[in-house]
Amino acid sequence: MNKKMNILMFSGDYDKALAGLILANTAKEMDMDVTIFFAFWGLLLVRNPNNMSEEDKTSYEKIFTSMIPKGVEDLPLSKMNFAGIGKKMLKEMMEDKDAPTPTDFLQGAINKGIKMQACKLSCEIMGFKKEDLLDNVEIVTAKDYLKDALKSNIQLFI
Amino acid sequence: MNKKMNILMFSGDYDKALAGLILANTAKEMDMDVTIFFAFWGLLLVRNPNNMSEEDKTSYEKIFTSMIPKGVEDLPLSKMNFAGIGKKMLKEMMEDKDAPTPTDFLQGAINKGIKMQACKLSCEIMGFKKEDLLDNVEIVTAKDYLKDALKSNIQLFI
Amino acid sequence: MNKKMNILMFSGDYDKALAGLILANTAKEMDMDVTIFFAFWGLLLVRNPNNMSEEDKTSYEKIFTSMIPKGVEDLPLSKMNFAGIGKKMLKEMMEDKDAPTPTDFLQGAINKGIKMQACKLSCEIMGFKKEDLLDNVEIVTAKDYLKDALKSNIQLFI
């Protein structure tokens, strides 16, 4: 039976997203089964770029939705962001080394069949509906997360 | 034998506290044994609201104690806190959906018999004594944490 | 066979570094095998103090290198740092209790033979070479990390 890893992606930071996605892709390349459970700010990694509509949202949800990052490349750094300058620098340093971007790793995760789940309660609180998220993302409960985590050899909260 | 989860609650963020407490409550409802080990800022989740005295504290401890949040509802967001506006908005959005608060989940954890432990060294550094913490919280060492974590199927650092 | 713990040290915060190093040292004292994998900001914990040269660095790397902390004692707090005042206060409170510093724990980790690894991709992006890191730190890939984590009883992302 394949080894298995479960990542609870809570953070909405560019650098932590990158870390989580690199680990997920690498594990999958090693023939491990991988699940990423996106909760809270982690949901910002899997927003559907083709659906940023504010339909059916309460006024708080509308303000909130207009303020949050629109996707993985739009996330701030967890440190030294300096209003975006630090992140710009990091991105230039990554380009210099031809390092793949979070978008590449996210696409890689989808292509490789990494299981992607969104936390139901987080979606409800933040006002995200199925169509606000990438197609491959399934909405599941905290209980579903725990069942998957229990079957995993590695569990990380990022 | 029951499955077991151990959460090391390091963060003193409102959103991360909520995540940790939701996972702990859900796991317990699934008949898992659950331990939460509160360390550093995590201790702010379990301050005793009936004992905010500054007796027997050094001057640094007094300043420190006066500056830190008084309990779980008083914690800031890890992101988009905007001097409290972001958090107020999140709380309104949670109320809109009748989502339980961290206080509800903390009380749930106590009622359900989730094991709650405080890190001895963190207590010493921050000047917290047994009576400064909620009744159900036991003070234990890092070694005790590791023993419990080794017996757990899931370990998370939040 | 010894029990085993693997810590992925992602954060470059003074308090989180302290937490990770205390856990690592305590686990090793309990005869567990311990590996710390330093990635991204975690690399700041293991910078070689005798080699802060900017030779062979691109201009982005030079600016970046000049801005980041020079070692574990130089790291900011994850919370209440207040431009260093919060950290100064925490350090005074630690001194009051004769609590060991991160430097002590880092030296302890080296003396005890805790395995210390740096993430290859993080080193490349940030422009760190072998000689920029402490002698005991080996540069390995994400795949090597996952192999080690799979053999571990406890895995934490800090």
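The values are calculated or read from the model by the stated rules, or taken from the named source; none is laboratory data. Computed from a predicted structure; not experimentally measured. A quick note on method: Cβ atoms are made from the backbone with ideal geometry, for glycine too, and the neighbour counts reach across all protein chains shown. Please note that ligands, DNA and RNA were not included when accessible areas were found on the heavy atoms of the full protein model with its side chains. Shrake-Rupley method; radii C 1.70, N 1.55, O 1.52, S 1.80 Å.
Quick one: is B:I22 modelled with pLDDT of 90 or more, surrounded by fewer than 24 Cβ atoms within 10 Å (Cβ to Cβ) and under 18 Å from A:L156 (Cβ atoms)?
yes
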Residue in the range C:114-129 that is nearest to C:F64 (Cα to Cα), counting only those that are within 15 Å of the chain's Cα centre (by Cα) and not aliphatic (A, V, I, L, M): C:F128
Residue selected from the range A:130-158 under the condition more than 14 Å from the chain's Cα centre (by Cα) and open to solvent by 70 Å² or more (accessible area, probe 1.4 Å), by the criterion nearest to C:L121 (Cα to Cα): A:K151
Tabulated pairs, the range C:31-57, first on the phi > 0 side of the Ramachandran plot, second of a type in the set (F, W, Y), C-beta under 8 angstrom, 6+ apart or interchain: C:F40/C:F10
Any hit, the range A:33-43, residues being aromatic (F, W, Y), open to solvent by 10 Å² or more (accessible area, probe 1.4 Å), more than 14 Å from chain C (Cβ to nearest Cβ) and part of a helix (DSSP H, G or I): yes
Residues (among the basic types (K, R) and within 14 Å of chain C (Cβ to nearest Cβ)) located in the range B:116-130: B:K120, B:K129
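Would you tally the residues in the range B:50-84 being surrounded by 12 or more Cβ atoms within 10 Å (Cβ to Cβ) and either outside any loop (DSSP other than H, G, I, E, B) or not polar (S, T, N, Q) (or both)? Give the derivation first.
Within the range B:50-84, the first condition is being surrounded by 12 or more Cβ atoms within 10 Å (Cβ to Cβ), and the residues that meet it are B:51-54, B:57-58, B:60-65, B:68-82.
Now restrict to residues that are either outside any loop (DSSP other than H, G, I, E, B) or not polar (S, T, N, Q) (or both): B:52, B:54, B:57, B:60-65, B:68-77, B:79-80, B:82.
Final tally of qualifying residues: 22.
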Those residues of the range B:95-120 which are touching a Ser or Thr at 6+ places or on another chain (Cβ under 8 Å) and at pLDDT below 95, in sequence order: B:D96
Those residues of the range B:131-158 which are more than 11 Å from every other protein chain (Cβ to nearest Cβ) and over 13 Å from B:F38 (Cα atoms), in sequence order: B:E131, B:D132, B:D135
Residue in the range C:94-115 that is part of a helix (DSSP H, G or I) and within 7 Å of another protein chain (Cβ to nearest Cβ) present: yes
B:I7 vs. criteria crowded, with 23+ Cβ neighbours inside 10 Å, within 14 Å of chain A (Cβ to nearest Cβ) and of a type in the set (V, I, T): yes
